[in-house]
Amino acid sequence: MTVRDAQPEGAGKRAHEGTSDNLRIPRHVGIIMDGNGRWAHQRNLPRIEGHRAGAESVRRVVEACSELNVKYLTLYAFSTENWRRSKAEISQLMGLLRHFLQERVEDLEKYRIRLHAVGQLDRLPSRVRGALKRVMERTRDNDQGVLTLALSYGSRNEIVTAAKRIAADAVAGRLAPDDITQELFSSYLFTSGLPDPDLIIRTSAEQRLSNFLLWQASYSEFWFTPTLWPDFSKAEFKRAVLDYSERKRRYGGVTDDHV
Ligand code: FPP
């Protein structure tokens, strides 16, 4: 991925957004996929069945992005805090992820979507890292969209890691304090090269960011739904996009029709 397009305080940002049937389509959608456990619990099923059904929702949403021309989709698939779950659940989730990568690479090829991953990837089991690497290599030339999986990801960790790398470059004389701008800081984040998310969706009625894209979401629009992630449909994704397309984004400024 090349260096991100300049988009400091949102200036000119709309120019990047796509259109489909006269809708203003978000260029980048981030999703906090929540509620798999509750979905399974409601059905007296083990938690992994909720995650398995959640993987089907991922498939549907990737397809919807392709249909709507949403170019960037970032999914919060495993947080730094998720390492506190039981060993059994972590191992099942990692197995599911590996399986998903093996099964879904054909879809990514079909829709010409490139796979990308952000987070502390070195903490992932080697078999998951291997599967990620293979799919990223296989899809690297795809040019119709980017699917980013946030894995072992935590935004505070990402920001501290960026600060450490900037400090190291400053100590080594490669940077002066005045070189540190918002754009430079962004370029040290795991998400370097990705535009900031226009729309963030969170399922399962929770209304918080939970350490997801804290820096990048400064000007994002939010869409919360009580739907549990495994029940999240293409139609609901399209409703969220439609809702976004009708919003006015001012990035702290004013627009002609705003008093
Ligand atoms: C949150 O639900 C979800 C997760 C921690 C994992 C998300 C994983 C998937 C959707 C499936 C695999 C991912 C991919 C990319 C194929 P929760 O377990 O916290 O639900 P709860 O709050 O109801 O317990």
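The values are calculated or read from the model by the stated rules, or taken from the named source; none is laboratory data. Being a predicted model, the structure only gives us computed values, none of them experimental. No Cβ is skipped: glycine too gets one built from the backbone with ideal geometry, and neighbour counts run over all protein chains shown. All accessible areas refer to the heavy atoms of the entire protein, side chains included, with ligands and DNA or RNA removed. Shrake-Rupley method; radii C 1.70, N 1.55, O 1.52, S 1.80 Å.
Tell me the trypsin sites (Lys or Arg not before Pro) within the range 111-199 that lie in a loop according to DSSP and have at most 13 other beta-carbon atoms within 10 Å. Don't skip to the answer; put the middle values down first.
On the way: sites: R112, R114, R123, R127, R129, K133, R134, R138, R140, R156, K164, R165, R174; in loops: R112, R140, R174.
When the trypsin sites (Lys or Arg not before Pro) of the range 111-199 are filtered for loop state and at most 13 Cβ neighbours within 10 Å, R112, R140, R174 remain.
With each label point set 7 Å from Cα along the Cα-Cβ vector, what nm distance links K234 and R84?
In this crude spin-label approximation the distance works out to 3.8 nm.
Using a 1.4 Å probe, what is the accessible area per residue for the range 73-121, in Å²? Before the final figure, lay out each step's value.
On the way: 2340 Å² over 49 residues.
It amounts to 48 Å² per residue over the range 73-121.
May I ask you to derive the relative contact order of the chain, considering only C-alpha pairs under 8 Å and at least 6 residues apart, and to give it as an integer percent?
On the way: 391 pairs, mean separation 73.9, N = 259.
Averaging sequence separation for qualifying contacts and normalising by length gives 29 percent for the chain.
Between S126 and R208, what is the label-point separation in nm under the 7 Å Cα-to-beta-carbon projection?
With each label placed 7 Å out from Cα toward Cβ, I get 3.7 nm.
Put +1 on the Cβ of each Lys and Arg and -1 on the Cβ of each Asp and Glu in the range 136-259; which of G154, A168, P197 then has its Cα farthest toward the positive end of the dipole?
Farthest towards the positive end: G154.
Could you check how much of the accessible area of the chain is carbon and sulfur, as a whole percent, using a 1.4 Å probe? Write down the numbers at each step before the final one.
Values: 6380 of 13030 Å².
On the chain, the fraction of accessible area on carbon and sulfur atoms equals 49 percent.
Of the listed pairs K110/K164; K164/K238; K110/K238; K164/K234, which have alpha-carbon separations greater than 32 Å here? Numbers along the way, then the final one.
Working: K110/K164 39 Å; K164/K238 40 Å; K110/K238 21 Å; K164/K234 40 Å.
Cα-Cα > 32 Å for K110/K164; K164/K238; K164/K234; rest within.
How big is the chain along each principal axis, measuring the range of its Cα positions in Å and listing the largest first?
Each principal axis gives a Cα extent; for the chain these are 55, 50, 34 Å.
Which net charge results when you count Lys and Arg as +1 and Asp and Glu as -1 among the other residues whose beta-carbon is under 14 Å from that of L101?
Working: positive: R59, R98, R104, R114, R127, R129, K133, R134, R138; negative: E103, E106, D107, E109, E137.
Every neighbour counted, the sum reads +4.
Below 12 angstrom from the Cβ of V171, what's the summed charge of the other residues (Lys, Arg +1; Asp, Glu -1)?
On the way: positive: K164, R165, R174; negative: D169.
In short, +2.
By a straight-distance test (C-alpha under 28 Å), which lysines pair with K87 as possible cross-link partners, with residues fewer than eight away in the same chain excluded?
Once the sequence-local lysines are set aside, what remains near K87 is K133.
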